[in-house]
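Asks: One structure follows; several queries about it will come next.
Nothing in this text is a laboratory measurement; each read-out follows from the coordinates by a stated rule. Being a predicted model, the structure only gives us computed values, none of them experimental. Here the Cβ positions follow ideal geometry from the backbone for every residue, glycine too, while neighbour counts run over all protein chains shown.
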Amino acid sequence: MARIDLDLSHSYVPHPQSDDDYALLPLKMTFRDGGAYALLGPSGCGKTTMLNIISGLLAPSQGTVLFDGIDKTNVTPQERNIAQVFQFPVVYDTMTVGENLAFPLRNRKMPVDQIKTRVGQIAEMLEMSHQLDQRAAGLSADAKQKISLGRGLVRPDVAAVLFDEPLTVIDPQLKWQLRRKLKQIHHELKLTLIYVTHDQVEALTFAEQIMVMSRGRVVQVGTPEALFERPAHTFVGHFIGSPGMNIVPVQVAQGAVRLDDGQSLAMPPGMALVQGALKLGIRPEYTRLAEIGQPGVVRATVEKVQNIGTYQLLSARVGSNLIRARLGLEHDLPESGAVIGLALLGPHSCFYQDEELI
């Protein structure tokens, strides 16, 4: 395993003139030895570009890639000693499952008894021990992708294992099982794992540290808890959560928070904010019903109530802003058109200036 340090930028345009010309804006990142990381963001944000730079499939326009302090910027993928698992299965159909898993080890002239032991260990972790003698050609796409995962994990000496949206072709139920397996494998083998995905559930359930990306920039690095509780950027608030964070433009002046419909909320004791235009963010999970007139409570008009099965989602309008509250099934919620009170100011409220948390 290796510690990986990035200090670079990348553009597919020969002479970039603006931020829009960059696939990766200038960044400094560190992946510690033995850590489990996720690169999370929408399509086109730079996740796969970063992964390919780490693996050596792509050279950065500027900057360096260090493995354990050694410059690997212009070194081939083979010399970096990494394993990469791609979005779609890459297997040898003419080989058996066991032969596919053993292939990377045989290439490195590992002793036969060690190959057998290692292949057995990985096959057991992936619950494929009973399929070792089956030819890969007759297997489902799910099983073939499990072989690809196993091939990436089978080498004990790799600097890092890189996953580029590896569960895209996997059945939803099996996805949950494989995420659990990957987490178990990480704890047992202590490999450096970097996992690219646009699926927040995959990232939040797998990684110890999540790097949220938007438009070529890493906007926040943190634990799942930190990303949920204190999003450092409004994009993170929107992107993480189901539904995402409520973001409401406000004006702060003379100890009060004013909304665009003219309602004014006194700031709770001990809260001090800069004056001027800000954005108030609060998760639907922390947006609760309350009596109109209480501190931090706004009047809102109910637009709709949806029963999701395990919770109810209330959507209400405050001026030009739609605010969602995620409430328990025990609540007897009002119908569309009713005027209610929603508590927006409290310990879970976040304030943003120029889209960044203050």
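Asks: Name the aspartates and glutamates eligible as straight-distance cross-link partners of K47: C-alpha to C-alpha under 13 Å, and not fewer than 8 places from it in the same chain.
Replies: Filter leaves D164, E165, D199.
Asks: A follow-up question, please. Going by Cα centres, the range 317-358 and the range 260-296 are how many Å apart?
Replies: Using only Cα atoms, the two centres lie 9 Å from each other.
Asks: Starting with the fewest neighbours, write out V236, V297 ranked by other beta-carbon atoms found within 10 Å of each beta-carbon.
Replies: So the ranking, lowest neighbour count to highest, is V297, V236.
Asks: Further question on the same structure: Pairs to check: K116/K181; K28/K279; K72/K190. Give those whose C-alpha atoms are more than 24 Å from each other in this structure. Don't skip to the answer; put the middle values down first.
Replies: Details: K116/K181 21 Å; K28/K279 28 Å; K72/K190 22 Å.
Listed pairs above 24 Å: K28/K279.
Asks: Looking at the calculated P(r) for the range 257-341, what percent of the C-alpha pair distances fall above 22 Å?
Replies: 27 percent
Asks: So for the chain, Kirkwood radius off the Cα pairs, Stokes-Einstein at 20 °C and 1.002 mPa s: how many µm² s⁻¹?
Replies: Answer from the Stokes-Einstein relation: 93 µm²/s.
Asks: For the range 1-78, which chymotrypsin sites (Phe, Trp or Tyr not before Pro) are in a loop by DSSP, counting at most 14 other Cβ atoms within 10 Å?
Replies: Numbers: sites: Y12, Y22, F31, Y37, F67; in loops: Y12, Y22.
Sparse-neighbourhood loop chymotrypsin sites (Phe, Trp or Tyr not before Pro): Y12.
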